[in-house]
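The values are calculated or read from the model by the stated rules, or taken from the named source; none is laboratory data. Please read these numbers as outputs of a predicted model, since none were measured by experiment. Positions of Cβ are backbone-derived with ideal geometry, glycine not excepted, and every protein chain shown enters the neighbour counts.
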Amino acid sequence: MSTAIDEWGGNVGVVDMEGVPFRMYTNRPQHLGSLLAFANRWDHRPHIVQGERVVSFSDLRSAIAAQATDLRRLGIRAGDRVMILGWNSAEWITNFWASVAAGAVPVLANAWWSPNELEDALDRIAPSLVLADERNAKRIPAGWETGSWTAPADGSSEVETSVAKGDENEPAVIIFTSGTERRPKAVVLSHRSLLAGLQMLLHITKRLPQQIGEETGEAALHTGPMFHIGGVQTLLRAITVGDTLVMPSGRFDPEEALRLIEEWKIRRWSAVPTMVSRLLEHPDVQTRNLRSLRSLTVGGAPVHAEFLERIRTGLPGVEPRIATGYGLTENGGQAVAASGKDTTDRPGTTGKPLPCVEISIAPAADFDAGEILVRSPTQMSGYIGEEESPIDSEGWLHTGDLGHLDEDGYLWITGRSKDMIIRGGENIAPSAVEAVLAQLPMVSESVVFGVPHPDLGEEVMAIVVAPGATADELRAGLHGRLASFAVPSRWNIRTEPLPLNHAGKIDRATLVAEGRAEVVSTGGAGI
């Protein structure tokens with residue numbers, strides 16, 4: 001354990017990596033497998049709670065060892081890809097760590113995917129093995145090798161960590177994200193990427209392994225999917241500092257969340273605004289004892305000053321610890337962070353860059369604000385199956401987001417040049433929805449965009465040319481072709497061709513403005 005702790009430091013230097021000067025910690029862990037040693041530190045403390053089930057760190061360690069042994073028995077070797085397809089559970093977490101312990105690269109499949117999206121991902125990644133829970137196992141196309149979702153009952157209780165000294169630049173995990181193209185992109189994150197992100201967050205919160213005691217862990221409510229980058233960040237932090245992860249038994253339910261906060265004395269919660277909003281609107285928020293909740297991190301969608309004030313009023317125990325941030329999967333999840341004091345003094349800012357992160361603003365054509373560029377050791381190694389990369393030769397990641405830095409170094413987001421829709425924390429690329437609409441025989445043209453929604457932040461609206469079609473018919477046509485959250489909930493169906501701009505292209509800007517004005521004029525009524 002002392003060796004694992006000694007690997008962590010707070011001093012930052014500059015490391016030249018193939019001609020790119022990255023800011024990096026001088027003393028840093030090299031491999032995700034090294035984090036498994038911390039499970040011994042916390043021993044019988046509860047680590048995973050879901051429904052009536054409580055799994056200790058000791059239980060998890062035994063399950064990881066047994067499943068990793070089984071993966072090796074199935075022929076999994078260092079560098080092999082193991083796809084994990086399932087909903088949040090103790091088994092999902094076990095399979096993630098078992099893949100790491102076996103030297104494999106976990107591929108985190110999105111359980112919301114349509115059959116077409118799942119098949120496309122399998123073809124691109126070509127995993128050596130697929131691990132799927134009971135609900136998703138039946139969705140796996142024939143021809144792919146599968147393993148047991150549940151770890152064998154017998155086996156060693158000790159996790160082999162011989163792989164923990166590998167190359168930090170080797171792939172550690174593959175995560176899918178919605179881009180502006182026609183399909184989810186497969187992002188490859190290295191061990192360096194994930195561990196640098198973890199080390200920065202622990203550094204600024206004074207939670208590095210050598211800074212905490214043996215009884216430091218907190219109860220944290222985890223309501224997001226594990227297959228998102230935020231889920232991975234949560235797992236890495238929890239095993240390092242000894243947190244208890246309390247998860248809903250199924251889909252997010254504000255009533256259950258309120259009960260869990262009270263019952264488990266939850267101190268930390270990281271959530272998208274939609275979940276927080278629904279919890280604040282629930283009548284039980286006034287009767288439950290929520291004083292244990294001290295830290296609330298809100299991300300995944302724009303956060304406005306009015307929303308922060310609602311949090312301070314409805315959850316006074318978290319003041320002044322309402323934190324926000326900014327990042328993307330291609331950057332390993334987080335690039336800047338704002339403390340509770342920052343959100344009070346500068347409502348609307350996303351915060352300052354983390355210790356190893358550089359932020360630059362580049363001119364963006366046709367926009368008043370500039371494009372946000374990020375350079376950080378957390379950024380991805382690249383995409384799988386994509387020819388172009390948003391990272392330039394100097395190591396800057398071109399985010400496509402618009403914003404500016406103020407004189408004190410705080411980052412402000414002013415827009416998204418890629419027109420990404422963020423619905424309840426899920427990223428939706430309009431072009432991907434338009435591409436699927438084009439496959440429907442009744443649709444000749446379409447424009448898809450986001451419109452304001454009081455609960456979800458944004459919802460998906462589509463203006464389509466589809467004479468004689470109804471909204472129900474169009475929704476039915478998209479079933480199985482798109483993830484459910486990406487199917488438009490608002491429709492404007494037309495019979496005449498869409499207007500063109502001076503360049504002979506569909507006048508998207510005008511149509512988006514008209515569509516959003518229509519939503520406002522109808523008072524939020526569905527179209």
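Which residue, of ILE140, ILE76, ILE125, ILE48, is within 26 Å of ALA219 (Cα to Cα) and at pLDDT 95 or above? Write out each step before concluding.
On the way: ILE140 fails: within 26 Å of ALA219 (Cα to Cα); ILE76 fails: within 26 Å of ALA219 (Cα to Cα); ILE125 fails: within 26 Å of ALA219 (Cα to Cα).
Residue meeting the stated conditions: ILE48.
Which number in (1) out of contact with any Pro (no Cβ under 8 Å at 6 or more places or on another chain); (2) more than 30 Å from GLY10 (Cα to Cα) marks the one condition that VAL433 misses?
(1)
Are any residues in the stretch 198-224 in contact with a strand residue (DSSP E or B) (Cβ under 9 Å, 6 or more places away or on another chain) and not polar (S, T, N, Q), and if so, which ones?
MET200, LEU201, HIS203, ILE204, GLY217, GLU218, ALA219, ALA220, LEU221, HIS222, GLY224
Does ARG251 fit the bill of being part of a loop (DSSP other than H, G, I, E, B) and charged (D, E, K, R)?
Numbers: part of a loop (DSSP other than H, G, I, E, B): yes; charged (D, E, K, R): yes.
Yes.
So which of LEU202, LEU245 ends up being assigned to a strand (DSSP E or B), over 16 Å from the mean Cα position of the chain (by Cα), among the hydrophobic types (A, V, I, L, M, F, W, C) and closer than 25 Å to ALA338 by Cα?
LEU245
Could you check the stretch 63-79 and list, in sequence order, the residues that are surrounded by fewer than 21 Cβ atoms within 10 Å (Cβ to Cβ) and more than 20 Å from ALA137 (Cβ to Cβ)?
THR69, ARG72, ARG77, ALA78, GLY79
Quick one: how many residues across the stretch 444-482 are of a type in the set (Asp, Glu) and within 15 Å of GLU426 (Cα to Cα)? Full working, then the answer.
From the stretch 444-482, those of a type in the set (Asp, Glu) are 445, 455, 458-459, 472-473; that's our starting set.
Then drop every residue that is not within 15 Å of GLU426 (Cα to Cα), which leaves 455, 458-459.
Qualifying residue count for the region: 3.
Out of the residues in the stretch 182-212 that are among the hydroxyl-bearing types (Ser, Thr, Tyr) and closer than 22 Å to ASP167 by Cα, which is surrounded by the most Cβ atoms within 10 Å (Cβ to Cβ)?
Taking the stretch 182-212 first, the residues among the hydroxyl-bearing types (Ser, Thr, Tyr) are 190, 193, 205.
Okay, now just the ones that are also closer than 22 Å to ASP167 by Cα, so 190, 193.
Numbers: SER190: 22, SER193: 26.
Selected residue: SER193.
What about LEU437, is it crowded, with 16+ Cβ neighbours inside 10 Å, within 24 Å of LEU201 (Cα to Cα) and among the aliphatic types (A, V, I, L, M)? Can you show your working first?
Values: crowded, with 16+ Cβ neighbours inside 10 Å: yes; within 24 Å of LEU201 (Cα to Cα): no; among the aliphatic types (A, V, I, L, M): yes.
In short, no.
Could you go through the stretch 467-485 and let me know if any residue there is surrounded by fewer than 17 Cβ atoms within 10 Å (Cβ to Cβ) and under 30 Å from GLY370 (Cβ atoms).
no
Somewhere in the stretch 474-494, is a residue in a loop (DSSP other than H, G, I, E, B), farther than 30 Å from PHE307 by Cα and out of contact with any His (no Cβ under 7 Å at 6 or more places or on another chain)? I'd like the intermediate steps shown before the answer.
Taking the stretch 474-494 first, the residues in a loop (DSSP other than H, G, I, E, B) are 480-481, 483, 487-489.
From the residues that got through so far, the ones that are farther than 30 Å from PHE307 by Cα too are 480-481.
Checking which are out of contact with any His (no Cβ under 7 Å at 6 or more places or on another chain) leaves us with 480-481.
Yes: one or more hits.
Given the structure, is GLU394 surrounded by fewer than 20 Cβ atoms within 10 Å (Cβ to Cβ), in contact (Cβ under 8 Å) with a residue 40 or more places away in the chain and of a type outside the set (A, V, I, L, M)? Working first, answer last.
Details: surrounded by fewer than 20 Cβ atoms within 10 Å (Cβ to Cβ): yes; in contact (Cβ under 8 Å) with a residue 40 or more places away in the chain: yes; of a type outside the set (A, V, I, L, M): yes.
When the stated conditions are applied, GLU394 passes them.
Got a sec? Which of GLY415, GLY403 is of a type outside the set (D, E, K, R), more than 22 Å from ASP507 (Cβ to Cβ), out of contact with any Lys or Arg (no Cβ under 8 Å at 6 or more places or on another chain) and part of a strand (DSSP E or B)?
Working: GLY415 fails: more than 22 Å from ASP507 (Cβ to Cβ).
From the options GLY415, GLY403, the qualifying one is GLY403.
Looking at the stretch 134-145, can you tell me whether even one residue there is touching a Lys or Arg at 6+ places or on another chain (Cβ under 9 Å) and assigned to a loop (DSSP other than H, G, I, E, B)? Spell out the reasoning first.
First, the residues of the stretch 134-145 that are touching a Lys or Arg at 6+ places or on another chain (Cβ under 9 Å): none.
The answer is no; no qualifying residue exists.
For ILE384, state whether it is in contact with a His (Cβ under 9 Å, 6 or more places away or on another chain), over 25 Å from VAL272 (Cβ atoms) and either among the hydrophobic types (A, V, I, L, M, F, W, C) or surrounded by fewer than 17 Cβ atoms within 10 Å (Cβ to Cβ) (or both). Step through it out loud before you land on a result.
On the way: in contact with a His (Cβ under 9 Å, 6 or more places away or on another chain): no; over 25 Å from VAL272 (Cβ atoms): yes; either among the hydrophobic types (A, V, I, L, M, F, W, C) or surrounded by fewer than 17 Cβ atoms within 10 Å (Cβ to Cβ) (or both): yes.
In short, no.
Checking the conditions here, which among ASP133, ASP120 is surrounded by fewer than 19 Cβ atoms within 10 Å (Cβ to Cβ), within 21 Å of THR329 (Cβ to Cβ) and not aromatic (Phe, Trp, Tyr)?
Only one candidate qualifies: ASP120.
Here are some residues: ASN88, ASN95. Which one is at pLDDT 95 or above, closer than 23 Å to THR223 by Cβ and assigned to a loop (DSSP other than H, G, I, E, B)? Quick ask: steps written out before the conclusion?
Working: ASN95 fails: assigned to a loop (DSSP other than H, G, I, E, B).
Of ASN88, ASN95, the one residue that is at pLDDT 95 or above, closer than 23 Å to THR223 by Cβ and assigned to a loop (DSSP other than H, G, I, E, B) is ASN88.
Quick one: in the stretch 213-242, which of the residues that are acidic (Asp, Glu) and free of Cβ contacts under 8 Å to residues at least 60 places away in the same chain is surrounded by the most Cβ atoms within 10 Å (Cβ to Cβ)? Quick ask: steps written out before the conclusion?
Let us first name the residues in the stretch 213-242 that are acidic (Asp, Glu), namely 214-215, 218.
With free of Cβ contacts under 8 Å to residues at least 60 places away in the same chain added as a condition, the list becomes 215, 218.
Numbers: GLU215: 8, GLU218: 17.
Of everything passing the filter in the stretch 213-242, GLU218 is surrounded by the most Cβ atoms within 10 Å (Cβ to Cβ).
Within the stretch 62-70, is there a residue that is farther than 30 Å from GLU218 by Cβ and out of contact with any Asp or Glu (no Cβ under 6 Å at 6 or more places or on another chain)?
yes
Within the stretch 143-162, track down each residue that is of a type in the set (Asp, Glu) and either within 24 Å of the chain's Cα centre (by Cα) or at pLDDT 95 or above (or both). Break it down into steps so the answer makes sense when it comes.
Taking the stretch 143-162 as the starting set, the residues that turn out to be of a type in the set (Asp, Glu) are 145, 154, 158, 160.
Answer for the stretch 143-162, where residues must be of a type in the set (Asp, Glu) and either within 24 Å of the chain's Cα centre (by Cα) or at pLDDT 95 or above (or both): just GLU145.
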